[in-house]
Each structure stands twice: as structure tokens, then as C-alpha cells.
Amino acid sequence: MLNGHLWLGVLGSMALIVICITGILLNHKRPLGLIPEVEKPGAQPLVGALSLDEFAARAREAVAPGGEPPEVDRMDVRPSDGLVKVRFDDRVVTEVTLSLATGSVLHLGERNDVFLEKLHSGEIFGDRGILISDAAAVLLMLLLLTGYWLWLYPRRRI
């Protein structure tokens, strides 16, 4: 039992260290300057806003005026902030922030935290990486349980 506990700890520790470090960095991504600071226009109703297609078209035009923009990866609509964020699936993970009320471009730039998010979740290595991240979580639980057992069991007999 001790040998299994030891080797589970050795194997799981590498993934857990990466998950811990990236989690800490993600918790402090704003002060570290990993995400852009965008002036928030304030709450805006969805009624009367442009369609998602129109927001995507305006973001594409901002990224590649007259050219071929990358594919849209995701869109984040935030009525409480009056923003629509359009993230593209390109090498540098470009994001365009638009005003929900007018559709005007408020910010265009890179999202430097996406790499950390994907590394943290294991997504950067594809489906296999996500499973490795899940396995690290299961290993942590096993280590905790076997560690408690190894500590408690000898004391139970006394």
C-alpha cells in the first residue's frame, strides 16, 4: 500500500503542480495584465441590440479589414456591462470587445490568459489532456484517502 501511494504521488504531482500554478495565475490575471482592461459602458438591454451575426461581422471587419478573418471561437454577451466580446480561433487568440448598444469597437487585442486556461484544464493537449487533468484530480483524492488511511490505521490499533 505504501509503495502504491508513493508512486501515485510521484505520477500525479507533476500534473497537480501545473494545475496549482496556473490556477494561481488565473486568479490574478487582471493585476498581472493577462487580460485587457476595457471601459465598460454600463448596463444595456438586449432589446434593440444588434444580432449576433452583426456583432460577429463587425468584429471580423475590425480584425481583418477587407481580408479573411479567422473563425469566431466564442462570443460572450454581457448586458450588465454593456459589452459583447468576440474571441477568434487564431494563434494569438484575438478578442474584439464591442458596445452592446451601438456595435462600435471598444477594444481589439490579444487574450494572454487563454493559454493558461487551456493548460490549467488540460485542453491544450486535446481530449487526452482533459482526461489527464481529470486523472490528476482523481489521483489527488486517492492520495488524500490513502494518506489518511496510512496515518489513521496504525493509531486505531493502539
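Every number here is computed from the coordinates shown, using simple stated rules; none is lab data. The structure displayed is predicted, hence computed values, not measured ones. Neighbour counts are summed over all protein chains in view; Cβ atoms, including those assigned to glycine, are modelled from backbone coordinates with ideal geometry.
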Principal-axis tilt of helix 2-27 within the chain, Cα atoms, nearest 10 degrees: 20
Less than 15 Å Cβ to Cβ from Gly33, Lys/Arg counted +1 and Asp/Glu -1: what total charge do the surrounding residues give? -1
Beyond 27 Å, how much of the Cα-Cα pair distribution for the chain remains, as a whole percent? 46
Using amide H atoms built in the peptide plane, which far-off residues or other-chain residues are under 5 Å from Asp73 H to H? Arg87, Phe88, Asp89
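Please report the relative contact order for the chain, taking Cα pairs under 8 Å with a sequence separation of at least 6, and give it as a percent rounded to a whole number.
On the way: 210 pairs, mean separation 40.1, N = 158.
Dividing the mean separation by the residue count of the chain yields 25 percent.
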Any idea how far apart Val18 and Met75 come out in nm if each label point goes 7 Å out from Cα toward Cβ? 3.3
In sequence order, what are the phi-derived ³J(HN,Hα) couplings for the range 79-92 according to the Karplus relation 6.51 cos²θ - 1.76 cosθ + 1.60 with θ = phi - 60°, rounded to whole Hz, with x for glycine and proline? x, 5, 9, x, 10, 10, 9, 10, 9, 9, 8, 10, 4, 9
Taking the Cβ of Glu71 as the centre, find all other residues whose Cβ is under 9 Å away and add up their charges (Lys, Arg: +1; Asp, Glu: -1). -3
What percent do you get for the relative contact order of the range 42-111 when only Cα pairs under 8 Å and 6+ apart count? 32
Around Val114, what is the net charge, scoring Lys/Arg as +1 and Asp/Glu as -1 over all other residues with Cβ under 13 Å from its Cβ? -2
Nearest 10 degrees is fine. How inclined is helix 52-63 to the longest principal axis of the chain, computing both from alpha carbons? 90
With +1 on the Cβ of every Lys and Arg and -1 on the Cβ of every Asp and Glu, and nothing else charged, how large is the dipole of the chain about its Cα centre, in debye rounded to the nearest 20? 1060
As a footprinting exposure proxy, order Val84, Val105 by other Cβ within 10 Å, with the fewest listed first. Val105, Val84
Measure nothing fancy, just the Cα-based angle from helix 126-156's long axis to the longest principal axis of the chain, in degrees from 0 to 90, nearest 10. 30
